[in-house]
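For reference, the structure is listed below as C-alpha cells.
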Amino acid sequence: MKEWGIKTGRLVSLALLLLPALLFGHDSRGGNAIITLYHDEGVWLDGLIATEHMLDWMGLNWREVNADELNEHGLSGFRVFWLPGGWAPDYLEKIHAPGREAILKLVRKGGAYVGVCAGAYYAAQIVVWEGESHPYPLGLFRGRVVGPEIFPWPRYGMVELELTEHPINIGTQEEWVLLYGGGHFEPAASQGQEQEVEVLARYKETGQPAAIAFSYGQGRVLLIGVHPEIEEDDTRDGTYFAQHLDDHGSDWPWMRAMLEWLLNMKEARWCFKISC
C-alpha cells in the first residue's frame, strides 16, 4: 500500500542524517512545548520540516515524538498531537494500542488532534483508497476518508478550496493549497453513528469536504486533506518542494486561525495577512 507513502525517495539519505532526532526527539527554541509532532517511519520529511517552520513562524513551541516514546510514555504535558502527512500504513504498524489510547486520552481531556493528509486518513474508522476499504483502529473520526482526491496518485498540484462560514474562516472565502494524495471526508451518520462534524472547506472542483473539525470528549479534532504547511513558491518553509507551483498567497495564516480555535485562545486574532 504505497498510496500515501513517503513521497520523495530522494529523502532517504536525509532520513539517515536525521536519525538522532528521530530516536530522541527535538525541542523548538526551549521552553515548554505545547505541540508534539510525530516523527517516525512513514512521515513525509518535507511536510514535517515545513510544519516545524510554520509553527516557529506562529511562535508556538513544539517537540518531536517517535512511536516508541508515544507507546511507552504517552502525551502528558502536551496540548496538541500533530500527525503530519506521509504513509498511514506505517503509522498503523508503529503506533500500538497504548499510543492510540494516549492520543484519545489527550483529546478527551481537552487537548487537540491535528491530522494532515495521512494523519487525517489515520484518524478515520475506514480508509478508502482507489476503491479499496481498509479499517483503522484509532476511530477519532467515525467515518471514511476517501482518496486520492482529484489527482491520481502520485500526481500532485494546487487546488482551490471554498471556505465555509466558520469563525476560523473570517476574512477569507478561498484558499489555494497543495493536494498530494489527500482525500475527502464522509461522516458515518448513515451508519447510525451520529457525529456532529463541521466542514471548514470544500474542494471547489468536486464539492467534497477537504477540511473538517469536530469535538471529541472535551477536546477538538482537525482533519485536513491538503498540505497548507507547504509554501510552494517560497523557501521559508525550509523545503524546495513544489517550488514551480503558484501558491496564490500563504496558507499559514489560515492554519494559525485553526490552531487558535483548536487551543481556545481567548484573544485569538482572526488575521489573514502575512504582516500581522
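Values in this text are rule-based calculations from the coordinates and carry no lab data. Just so you know, these numbers come straight off a predicted model, no measurement behind them. For neighbour counting, all protein chains shown are included, and Cβ atoms are generated from backbone atoms with ideal geometry for every residue, glycine included.
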Label point distance in nm, Ser76-Asn264, each placed 7 Å from Cα along Cα→Cβ: 2.2
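Restricting attention to region 109-174, which trypsin sites (Lys or Arg not before Pro) occupy a DSSP loop and are surrounded by at most 14 other Cβ atoms within 10 Å?
On the way: sites: Lys109, Arg142, Arg144, Arg155; in loops: Lys109, Arg155.
Of the trypsin sites (Lys or Arg not before Pro), the ones in loops of region 109-174 whose Cβ has at most 14 other Cβ atoms within 10 Å are Lys109, Arg155.
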Can you bin every Cα-Cα distance in region 9-262 into 10 Å intervals starting at zero and give me the percent of pairs per bin, rounded to whole numbers? 7, 34, 40, 18, 1
Whole-number percent relative contact order across region 81-120, with pairs defined as alpha carbons under 8 Å at least 6 apart: 73
Please give the contour-minus-distance gain from Phe151 to Ala97: 0.36 nm per residue of separation, less the Cα-Cα distance, rounded to one decimal in nm. 16.1 nm
